[in-house]
Structures are given as C-alpha cells and as structure tokens.
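Enquirer: Shown below is the structure under consideration.
Any read-out appearing in this document is the output of simple, stated calculations on the displayed coordinates, not a laboratory observation. Here the structure is a predicted model, which is why all the values come from computation and not from measurement.
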Amino acid sequence: MKRQQLLLVSSGLLLLIILFLFGNTIPPKKNMPAPAAQQAQAKPSLQFSDLLLEAKKGLNLEQSDRITRLENSVTRGDVKEQQLHMYHQLAHFWRDSAHSFAPYAYYTAEAAKLENSEKSLTFAARQFLDNLTIESDPAMQNWLATNAKVLFEKALEINPANDSSTIGLGACYMFGNISDNPMQGILPIRKIAEKDPDNLYAQFMLGLGGRKSGQYDKAIERFTIVVNKQPDNLEAALDMAECYELKGDKPNAIKWYSAVRKKIANPNAQKELDNRISLLKQ
C-alpha cells in the first residue's frame, strides 16, 4: 500500500475509533484529503453563511419553522441579553435536534464573545480545536482554526498566563492553514513543553504536529511521554500506534493497537481494531 493510501486509511481508522470511544455526537463532515499540490495553492475560505445554508437543507419543516423563529427572536429592549439567549438556544438546537457541528460551534462562539469570560471563550475555542485536529478538508480546517484563533486570542487578553490557551492558539497555526509559517504555532508550544515537560497537553499537540509533518519518531517520543504519565489516555495511544504503522514498524503498531483494544468495551471500536491488527499481521 502506498504511503498516501496508508495515511488515509490509518487516519480514517483513528477518527472512527475516537468517535466510538469519546462519543462525539456531532462529528464534522469528512472529506477526502486534497492532493499536496492543491493544498499548496491559495488558502481556502469558507463562509458561515454557506455552512448554515447547507446545514438547513437537512431540516424538516417543523425544524425549519423553529429555527426561523429563533433567528428572529431579538426585539427592542435589552438586545445584548436577548442576543445571548438566542445564541444559546440556537447552539442547543443545532447540537441536540439537528446534530450539526458547524452551526453549533458558531453560535456557541458568538455567545462566548458576548459573555467575554475566559471560561466561555476557551470552551468555545476548544469546540473548534478538537474538531480541527481530526479534520482533513483544508477549507474546513481553515474555518475551524480561524474561529478558534479569535477566541483563544480574546481569552489570552483576559489571562495572558494561561498556557492552555497559548497551546490552543499555537495549534491553530499548526493545523489550520492560517499561516505559511508553521513554526509560528510550534515555537510557543515547544517553549511551554521545555519549561514544563509535564504539561501533557503541550506534549500531545507537539506529537500531533510531528505526525502531521511526517516526523513519526519525534511524534512517538511526545506520545510516549503522554502515555507514560497517563496510561489510560487512549487517544494518545492510538496516535502512537498510527505513527508506528505509518513508519512501517508493524510489531510496535500491533503492540499499541492491542493495548488500546484491551482497554475498551465498545464492540464497534473493538471490531475496527481487530481488523487493523489482522491486516498488520498479514
């Protein structure tokens, strides 16, 4: 199997198992990765209006009527409070009733901007970032990272000493096609990891960065730090298994896929891992 095909298959397996294990009920719509030459062109751009229009196509008549009423619910008076209430209601609708990620994340972010608290801003930013790290479509990566970047920057204005927000902002540059210089994101995260090697969030993000750039040995070093400190961190263990597989080290890939297999109870995830292990043993 060619490296590009292996990367696609492994990443697809990783996404599927993460969804099984961590219960993301509104996963982002997945697309086939674009060829490298295409990704090297001008940065793609998505508008929320287009994403919202596409999401509305999946609504039934009752849901369409409800969303229209919510969108038009702001009247005269305390407009800010009404807007905040409307954004929360819209976010809950798209999450709980329509199961559509992009509008849910967008309205959660709009509410956070109005509240302007570090807690609400970082929560909203993480919604974008968590999906950014498993998204393969360049245009969607850019949209997710751009929105997360704004929120992390606002959170850092409130608390510049928050290392988690700094790491999140760096990850936007690493994974979001928002800069031609990935070191703009890597360096702040690396600085935090050097200052505090036990910052496992920084180690994990550097591992993801190494995997994305094809530096599998460096990625494995970072993921090893995480799983040594957090033996039950199945996401890091899966990422490490994938890196071993991508570098052609089948025995260690089998070892780590098997380690994850022993710790999960989800039958669907078990089946996917059994299939992967069987293929690697061939």
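Enquirer: Compute the convex hull volume of the Cα atoms of segment 42-109, divide it by the residue count, and report the result per residue in Å³ as a whole number.
Expert: Details: hull volume 6.6 nm³, N = 68.
Taking only Cα atoms, segment 42-109 has a hull volume of 97 Å³ per residue.
Enquirer: Can you give me the pair-distance distribution of segment 59-189, C-alpha pairs, 10 Å bins, whole percents?
Expert: Calculated over all Cα pairs of segment 59-189, the distribution is 13, 38, 31, 15, 3 percent.
Enquirer: Which of the pairs Lys149/Lys263; Lys56/Lys154; Lys191/Lys218; Lys56/Lys271 have their Cα atoms more than 24 Å apart in this structure?
Expert: Numbers: Lys149/Lys263 34 Å; Lys56/Lys154 30 Å; Lys191/Lys218 16 Å; Lys56/Lys271 34 Å.
Long pairs (Cα-Cα over 24 Å): Lys149/Lys263; Lys56/Lys154; Lys56/Lys271.
Enquirer: Rounded, prolate or oblate, given the Cα gyration tensor of segment 87-128, with a/c below 1.5 counting as rounded?
Expert: Numbers: a/c = 2.75, a/b = 1.77, b/c = 1.56.
Prolate, since a/c reaches 1.5 and a/b exceeds b/c.
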